[in-house]
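Have a look at the structure below, then the notes.
The values are calculated or read from the model by the stated rules, or taken from the named source; none is laboratory data. Since the model is a prediction, treat every value here as computed from it, not as a measurement. When we count neighbours, we look across all protein chains shown, and the Cβ atoms used for this are built from the backbone with ideal geometry, even at glycine.
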Amino acid sequence: MDYSRLKWHVEDKIGVLTLNSPETLNALDSIILNELEAWVDGPAQEETLRAIVITGEGKAFVAGADIKEMLSLDAQGAKKFGMLGSTIFRKIEKLSIPVLAAVNGFALGGGCELALCCDIRLASKRAKFGQPEVGLGITPGFSGTLRLPRVVGVAKAKELIYTAKIVGADEALSLGLVNHVVEPEELLEKTMQMARQIAGNSGSAVSKSKAAIDRGLDMDIDNAILVENDLFALCFAQDDQKEGMQAFVNKKKPAFK
Ligand code: CAA
């Protein structure tokens, strides 16, 4: 598939998506959003993939939704634009495999929201995070009001959104917004290392773990236990459980298919 604003390649069952519009700091306009939707509906669902890494070209991960495009929107247009972003980010979140954000620079507004719909976030020391929307007279529109409180807690999310302040990588780490902070030149390799570590485990068990965590967070604990229990039991009907446990007993490394 050909893209004008995205780059996509697969190595060792890990897909790497790069937002590639560095002259506008990868700002999310309709073109890049439509390409993202085509990608998440197509190549991102490829069954042989074990993990996906998302990063940005240039000095930004994503500097937000495109302010120049939003300037002329009316309420109806904004509803459509916001829903397009939220729908794509939800599809990314619901991919069955882990998605890792390698946040190389600015992750502001829609960029912070893109990082938030990923399972795990690694940040370069140069990364900057924030939801500057209220300074533009709008609310976060790609589900930041929903995911940020789930990741950093309600009070910290409210502080970040109400003040529109931008925080560096170390503060993002202390907030729990990112998992790790690394040197800029090591970011992609460290993220790939984590992706490879994930890919070396049972893909089926990793996906079921993701489903148990994500579905469980959206329900009460009694029903969540039933979901976890179903997924746990299902593992025992699949080859990876036999391979993993037999390998342990035989003191070998498992070879998952
Ligand atoms: N939308 C459109 N264009 C953007 C953009 C954005 N979000 N962010 C940067 N750009 C453009 C700039 O306009 C500039 O283009 P020109 O050369 O044509 O002027 C180019 O990218 C480079 O940007 P700067 O010259 O501003 O670069 P800088 O290094 O001086 O500043 C920055 C970097 C601090 C990130 C600054 O660009 C900035 O503040 N960007 C806007 C950040 C923002 O407010 N994001 C939230 C958007 S709203 C949103 O995302 C809503 C939502 O939830 C859906």
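Observations, loosely collected:
- Failed condition for G42, given (1) in contact with a Gly (Cβ under 9 Å, 6 or more places away or on another chain); (2) touching a residue at least 12 places away in the same chain (Cβ under 8 Å): (1)
- The set of residues in the stretch 157-202 being basic (K, R) and farther than 20 Å from D119 by Cβ consists of K158, K165.
- The residues on offer are L217, L226, L187, and the sole one that is surrounded by fewer than 17 Cβ atoms within 10 Å (Cβ to Cβ) and touching a residue at least 60 places away in the same chain (Cβ under 8 Å) is L217.
- Taking the criterion of being closer than 14 Å to S207 by Cα and either outside the structural domain of R215 (by TED's automatic domain parsing) or outside any helix (DSSP H, G or I) (or both), the only residue of the stretch 231-246 that qualifies is Q238.
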